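The values are calculated or read from the model by the stated rules, or taken from the named source; none is laboratory data. Quick caveat, the model's predicted, so the values are computed rather than measured. With ideal geometry, Cβ positions are generated from the backbone for all residues, glycine too; neighbour counts draw on all protein chains shown.
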Amino acid sequence: MTRPLALTLFLASAAALALSPAQAQTAAAPAPAAAPAPAAFSLAPLPYGYDALEPVIDTQTMTIHHSKHHQAYVDNLNKAVAADPALAGQSLDALVAKAGTLAPAVRNNAGGHWNHTFFWETMAPVAKVSAISPRLAAAIDAQFGSMDKFKAAFKAAGTARFGSGWVWLIVGADGKLAITSTSNQDNPLMDVAEAKGTPVLGNDVWEHAYYLKYQNRRADYLDGWWQVVDWAKVSVRYAAASAAR
Ligand code: MN
């Protein structure tokens, strides 16, 4: 014999309630009197819209890259730092500088947060990118022969990076410009970097940075990316990095 419909519905809703008491309680709980301390690190909004770098970098890639990937680095960095009282209150730069002495979760996520923040600030919409300073242009010519030769060498380093990583233009300890590449979320400021220096330009060659639009064509992404590089920003970094020596 089947149950009357009303009884069936009653049993079903009672079962549903019994399965989610925690959810019901959370929804009903009042806000705590004292808010917990804010997380040490947070994700800043992009300095432009998610669609601003079209058609070079598509809206969906920018949205996922910033709101999911970068957000995850920030969230996981906060978790990793919270798990080690010795790291409380330390700056992102301080964590990056000694990344090789820290747990992999701190190294990877501190690097991820630093690198992506730097990356977003390196770029601007095609119609708004600004010109390179004469001083940086001269330094690139002196070091690489010409801007075209520099771009070719940067692209070669980016395509040669096996797996996930970054390609950088840095000011080295000798004050000279150099191209280098790092794996995963490492960067040239880290104690573990093979070539250390101050980054002035960096491109993300993780597949998540380009795969939706460029698929396997990383070289095409590296070529297109120059259209959204804000050389004025890179020039300011170069001025600071080279003046500090
Ligand atoms: Mn990325």
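So residue 183 fits all but one of (1) touching a residue at least 24 places away in the same chain (Cβ under 8 Å); (2) within 16 Å of the ligand (Cβ to nearest atom); what number is the exception?
Of everything listed in (1) touching a residue at least 24 places away in the same chain (Cβ under 8 Å); (2) within 16 Å of the ligand (Cβ to nearest atom), residue 183 misses just condition (1).
Rundown of residues vs (1) assigned by TED's automatic domain parsing to the domain that holds residue 142; (2) within 15 Å of the ligand (Cβ to nearest atom); (3) surrounded by fewer than 23 Cβ atoms within 10 Å (Cβ to Cβ), yes/no style:
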position: 160; (1), (2), (3): yes, no, yes
position: 165; (1), (2), (3): yes, yes, yes
position: 170; (1), (2), (3): yes, no, no
position: 177; (1), (2), (3): yes, no, yes
position: 190; (1), (2), (3): yes, no, yes
position: 195; (1), (2), (3): yes, no, yes
position: 203; (1), (2), (3): yes, yes, no
position: 206; (1), (2), (3): yes, yes, yes
position: 211; (1), (2), (3): yes, yes, yes
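Would you point out the residue of the stretch 157-180, among those that are of a type in the set (Ser, Thr, Tyr) and in contact (Cβ under 8 Å) with a residue 24 or more places away in the chain, that is nearest to residue 136 (Cα to Cα)?
Applying the first criterion (of a type in the set (Ser, Thr, Tyr)) to the stretch 157-180 yields 159, 164, 180.
Filter once more, so that each one left must be in contact (Cβ under 8 Å) with a residue 24 or more places away in the chain: 159, 164.
Working: 159: 24, 164: 28 Å.
Among those that are of a type in the set (Ser, Thr, Tyr) and in contact (Cβ under 8 Å) with a residue 24 or more places away in the chain, it is 159.
Quick check: anything in the stretch 103-118 among the hydroxyl-bearing types (Ser, Thr, Tyr), within 16 Å of the ligand (Cβ to nearest atom) and surrounded by 18 or more Cβ atoms within 10 Å (Cβ to Cβ)?
Quick first cut of the stretch 103-118, residues among the hydroxyl-bearing types (Ser, Thr, Tyr) only: 117.
Within this subset, residues satisfying the condition of being within 16 Å of the ligand (Cβ to nearest atom) are 117.
From what's left, surrounded by 18 or more Cβ atoms within 10 Å (Cβ to Cβ): none.
No.
Is there any pair with a first residue in the stretch 96-118 that is farther than 26 Å from residue 47 by Cβ and a second that is modelled with pLDDT under 95 and not aromatic (Phe, Trp, Tyr) whose Cβ atoms are under 6 Å apart and which are 6 or more apart or on different chains, and what are they?
As it stands, the answer is none, since no pair meets every condition given.
Condition check: aromatic (Phe, Trp, Tyr), without any contact (Cβ under 8 Å) to a residue 40 or more places away in the chain and closer than 22 Å to residue 205 by Cβ. Does residue 50 satisfy that? Break it down stepwise before answering.
Details: aromatic (Phe, Trp, Tyr): yes; without any contact (Cβ under 8 Å) to a residue 40 or more places away in the chain: yes; closer than 22 Å to residue 205 by Cβ: yes.
Yes: the conditions hold for residue 50.
Taking the criterion of being under 23 Å from residue 64 (Cα atoms), under 19 Å from the mean Cα position of the chain (by Cα) and of a type outside the set (D, E, K, R), would at least one residue in the stretch 188-200 satisfy it? Walk me through how you get there before you give the answer.
To start, the set of residues in the stretch 188-200 that are under 23 Å from residue 64 (Cα atoms) comprises none.
No, the conditions are met nowhere in the stretch 188-200.
In the stretch 50-89, which residues are more than 30 Å from residue 127 (Cβ to Cβ) and small (Gly, Ala, Ser)?
Initial filter on the stretch 50-89 (more than 30 Å from residue 127 (Cβ to Cβ)): 72, 75-89.
Across the stretch 50-89, the qualifying residues are 72, 80, 82, 83, 86, 88, 89.
For residue 60, work out the one condition from (1) more than 16 Å from the ligand (Cβ to nearest atom); (2) touching a residue at least 40 places away in the same chain (Cβ under 8 Å); (3) surrounded by fewer than 15 Cβ atoms within 10 Å (Cβ to Cβ) it doesn't fulfil.
(1)
Only one residue in 161, 107 is of a type in the set (Lys, Arg) and touching a strand residue (DSSP E or B) at 6+ places or on another chain (Cβ under 6 Å). Which one?
On the way: 107 fails: touching a strand residue (DSSP E or B) at 6+ places or on another chain (Cβ under 6 Å).
Answer to the selection: 161.
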